[in-house]
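Asker: Shown below is the structure under consideration.
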C-alpha cells in the first residue's frame, strides 16, 4: 500500500507540472512561466486613454497658438508631458513629439535653456532611428543655430562659431537618421506599421 | 484454620463448600447480567448459551435476536468503512492518471493549435513609425501626427476587444 501511495504522489506531481506547462502554452500568458520571453503589452484601454488625452492637448495647444497665446500652448503641452504614462512604444514616441513641439515654442520665445531641456527629454524617449528622433535632432540643430546667432549678437564670435558647427553636426545627424528610416521602410517594401 | 481461598493448595485440599471470594462473586454477577442481557459482551455467557442450545435447542427470544442482528451489523459497518477507504484511494489514483493524461494531451494539442492562435493574436504596442511614410515637416504637424496615431491604435484596440470576445 505504501508503494501505491508513492506511485500516486509521483503521478500527481507529474500531472500538476504538466498542467502548469500546458497552461503557460495555452493561455498566451507569460506570467509565471519559467522560460517566457518578455513580450510587448497589447494595445489596451490605458494606452488609448493616454493617446486620447495627448490628442486633445495637442489640439488645445493649436487653439492657443492660433489665438496668439503661445504661453497657453506651452501650458497645454506641459500638461501632456506630465500625464501618467503607461509603458508603451507609442507613448514614448508621442511624448518625444510633444517635447519637440515644446522646444520649438520655447525657441520662438527665446528661451533656449527650456528648449534644450525639452530636446534632451525627448531624445531620452526615442533612441532608435525614427522620424521622431530625427525631428528632435533637427530641432536641436535649430536651437544651436539660434544660440550661434545670439552669441554672435553678443560679440562672442568664437562661441558662436562653435555653436554653428554643433548646429551643422546635429542637422547632418538628423538627415542621417531620416535616411536610415527611409532605407528601412524601402527594405520592408513600404509595409505600413 | 487455613484460608479456603488459597489456590496454591492442591485441589484435593480445597474445601468445596468454602464461601466464594469477592472476585468470584463479581464474576458470577457479571455472568448473570450477561446471560440476562445478550448485548453485553461475555465469552462465558456465549459459551453457556451454546452449551444450553446444544442440549436443548429453542427459538431465540425477540430481544436476543435483535441484539445478535445489531452485533452483526456493527461488525459489517466496520468492514464497509475499510472498503470505502480503499475505494476512495483507488478513485483518487484514477483521477490523477486522468489529469496527467489531460496535461499530456494539452501539451501536444497546444503545439498543433499554435498557428490558429497566431491568427487571432492581439495587436501589441509597437512603433508608430510605419504610419508616417515621409519625414516630418521642420515645424508643425504634431496634431496631425497624434490624430493618425490615435485613430490607428483605436482600430487596434477595437480588434483586440473583438478578439477577446471571440468575434472575428
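The values are calculated or read from the model by the stated rules, or taken from the named source; none is laboratory data. Computed from a predicted structure; not experimentally measured. Methodologically, a virtual Cβ is constructed for each residue, glycine included, from the backbone with ideal geometry; neighbour enumeration extends over all protein chains shown.
Asker: For the stretch B:39-86, enumerate the residues that are farther than 23 Å from residue B:27 by Cβ and either touching a helix residue (DSSP H, G or I) at 6+ places or on another chain (Cβ under 7 Å) or not in a helix (DSSP H, G or I) (or both).
Answerer: B:56, B:57, B:58, B:59, B:60, B:61
Asker: Does residue B:126 fit the bill of being modelled with pLDDT of 70 or more, at the interface with another protein chain (Cβ under 8 Å from one of its Cβ atoms) and closer than 30 Å to residue A:185 by Cα?
Answerer: yes
Asker: It is to be established whether one or more residues within the stretch A:138-149 are touching a residue at least 40 places away in the same chain (Cβ under 8 Å), crowded, with 17+ Cβ neighbours inside 10 Å and within 19 Å of the chain's Cα centre (by Cα).
Answerer: no
Asker: Here is a follow-up. Determine whether the stretch A:154-162 contains at least one residue that is buried (at least 16 other Cβ atoms within 10 Å of the Cβ), within 14 Å of chain B (Cβ to nearest Cβ), in contact with a helix residue (DSSP H, G or I) (Cβ under 8 Å, 6 or more places away or on another chain) and more than 30 Å from residue A:49 (Cβ to Cβ).
Answerer: Checking the stretch A:154-162: not a single residue is buried (at least 16 other Cβ atoms within 10 Å of the Cβ), within 14 Å of chain B (Cβ to nearest Cβ), in contact with a helix residue (DSSP H, G or I) (Cβ under 8 Å, 6 or more places away or on another chain) and more than 30 Å from residue A:49 (Cβ to Cβ).
Asker: Still on this model: Restricting to the stretch B:134-151, name every residue that is over 21 Å from residue A:77 (Cα atoms) and within 7 Å of chain A (Cβ to nearest Cβ).
Answerer: B:135
Asker: Could you tell me how many of the residues in the stretch A:66-92 are at the interface with chain B (Cβ under 10 Å from one of its Cβ atoms), more than 16 Å from residue B:131 (Cβ to Cβ) and either surrounded by fewer than 16 Cβ atoms within 10 Å (Cβ to Cβ) or without any contact (Cβ under 8 Å) to a residue 40 or more places away in the chain (or both)?
Answerer: Number of matching residues: 3.
Asker: Can you name the helices (runs of 4 or more DSSP H) wholly within the stretch A:1-91 that have at least 2 residues being in contact with a helix residue (DSSP H, G or I) (Cβ under 8 Å, 6 or more places away or on another chain) and at pLDDT below 95?
Answerer: Of the helices (runs of 4 or more DSSP H) lying wholly inside the stretch A:1-91, those with at least 2 residues that are in contact with a helix residue (DSSP H, G or I) (Cβ under 8 Å, 6 or more places away or on another chain) and at pLDDT below 95 span A:2-26.
Asker: While we're looking at this one, here's another question. Return the total of residues in the stretch A:93-128 being in a helix (DSSP H, G or I) and facing chain B (nearest Cβ under 9 Å).
Answerer: Residues flagged as in a helix (DSSP H, G or I) and facing chain B (nearest Cβ under 9 Å) within the stretch A:93-128 amount to 7.
Asker: Which of the residues spanning the stretch A:129-174 are on the phi < 0 side of the Ramachandran plot and not in a helix (DSSP H, G or I)?
Answerer: A:129, A:130, A:154, A:156, listed by residue number.
Asker: How many residues, within the stretch B:153-168, are more than 7 Å from chain A (Cβ to nearest Cβ) and within 14 Å of residue A:88 (Cβ to Cβ)?
Answerer: Going through the stretch B:153-168 one residue at a time, the tally reaches 0.
Asker: Would you tally the residues in the stretch A:107-143 being under 22 Å from residue A:180 (Cα atoms) and in contact with a helix residue (DSSP H, G or I) (Cβ under 8 Å, 6 or more places away or on another chain)?
Answerer: Final tally of qualifying residues: 20.
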